[in-house]
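Since the structure comes first, as structure tokens, the remarks are kept for the end.
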Amino acid sequence: MTFDVGPIRLGPGVPPLIIAEIGVNFNGDLDLAKKSIDTAIAAGAGAVKFQTFRADEFIADPAMTYTYTSQGSAVTERAFDMFKRLELKTEWHRVLMEYASSQGSIFLSSAADPTSANLLKSIGVSALKIASEDLINAPLLQHVAVLDLPVILSTGMADEWEVDRAVEILKPCPALLLMHCTSLYPTPPDETNLARMATLARRYGLPVGFSDHTVGSDAAAAATAMGAIVIEKHFTSDRTLPGPDHAMSADPGEMTELTERTIRISRMLGTSAISPSPGELVSRLDFRRSIVAARKILAGTVLVPADLAVKRPHTGIHPFEMDSLIGKTVQRNLAPDEQITRDALK
């Protein structure tokens with residue numbers, strides 16, 4: 001249940017990769033895109049993600065409108081105009097990927113069509129992201145499946161049959177990670193459905209992550225505890241900027257809190273082995289008990305249960321071995337509360 005993103009191997013025992021979904025929050029401005037990368041990295045994100053699409057490829061109805069909250073007010077505009085304004089220019093992809101790499105981060109983007117997927121492969125991205133709305137985009141999935149790139153697939157809005165079909169199509173990919181996602185912006189707590197992550201992992205035998213559209217960091221923290229190896233969160237350098245996504249995105253302070261919490265929780269998960277932790281190996285010497293003489297015992301005595309007790313510290317014979325001492329003969333005198341050792345018995 002591991003997944004590689006560039007040089008990073010994700011999986012059990014490793015903190016989740018935090019992806020700052022800058023998306024369209026660069027407002028069509030290259031300088032703001034770079035600033036957003038800087039602030040995301042400073043907040044602890046290990047990867048930054050944009051969106052690669054062409055408005056005229058996915059919008060058929062030019063009259064379709066889109067309503068969103070920006071700077072405290074509701075804004076309605078033509079969807080085509082909005083998305084056209086927020087397209088990430090072809091030539092900016094390599095610029096931003098190299099910039100992110102120079103700052104120690106990984107550049108990712110979601111591909112909305114085969115041409116976009118080809119562009120991302122050509123600049124050398126380490127993985128492709130497929131957004132929830134494109135889980136049913138069969139032509140795109142079929143194209144991506146043979147590009148020989150790891151794929152991160154979001155599953156928002158999908159039912160079981162649709163996820164089955166998408167996973168089947170993407171089988172040729174060298175690696176596939178499923179992102180649990182609720183496509184509501186923001187997502188209310190009672191529709192977050194984190195329990196679905198376990199179903200995805202169990203049903204498909206694939207690693208899972210969480211694309212978080214909730215307010216705050218509680219859901220990301222819980223998802224980490226449930227085994228998410230990737231956490232994606234919409235991010236803005238400034239929530240007061242105009243645009244369709246800034247108001248519901250995490251700002252630098254919130255992203256910092258999220259990354260710190262997920263790292264702490266990842267450390268808390270530790271190992272699944274039923275064994276004491278390194279610190280407990282020391283603690284149990286003081287806290288646990290050993291077998292001791294319950295009273296003065298003379299040499300030659302054949303031990304009976306009344307001769308034995310268990311008391312701290314745990315530096316002698318384990319109490320679970322008490323039955324094996326019954327009937328043994330003591331070779332030397334033992335004082336009350338003296339630990340019974342093997343060499344004191346025949």
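Each reported figure results from applying straightforward, stated rules to the coordinates on display, with no laboratory input. For clarity, every value in this text was computed on a predicted model and none was experimentally measured. Don't worry about glycine lacking a Cβ; one is built from the backbone with ideal geometry, like all the others, and counts go over all protein chains shown.
Laid out as a table, the results:
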item: Antiparallel bridge percentage (DSSP; both residues within the chain; nearest 5); result: 35
item: Global form of region 41-140, assessed from the alpha-carbon gyration tensor, a/c cut-off 1.5; result: oblate
item: Region 14-269 shape via C-alpha gyration tensor axes, a/c threshold 1.5; result: rounded
item: Proximal lysines relative to Lys311, as straight alpha-carbon distance under 17 Å, when same-chain residues fewer than 8 apart are discounted; result: Lys296
item: Residue among Asp212, Asp113, Asp81 with the largest mean-square fluctuation in a Gaussian network model of the chain, springs linking Cα atoms under 10 Å; result: Asp81
item: For region 1-56 versus region 155-227, the gap between their alpha-carbon centres in whole angstrom; result: 18
item: Under-5 Å amide H pairs with Gly23, H placed in peptide plane, nonlocal only; result: Lys49, Phe50, Gln51
item: Lysines whose Cα lies under 27 Å from that of Lys49, excluding same-chain neighbours fewer than 8 positions away; result: Lys34, Lys35, Lys84, Lys89, Lys121, Lys129, Lys171, Lys233
item: Cα gyration tensor shape for region 211-342, rounded if a/c is under 1.5, else prolate or oblate; result: prolate
item: Pairwise FRET efficiency - Asp61 versus Phe287, Cβ, R0 = 56 Å, nearest 0.05; result: 0.20
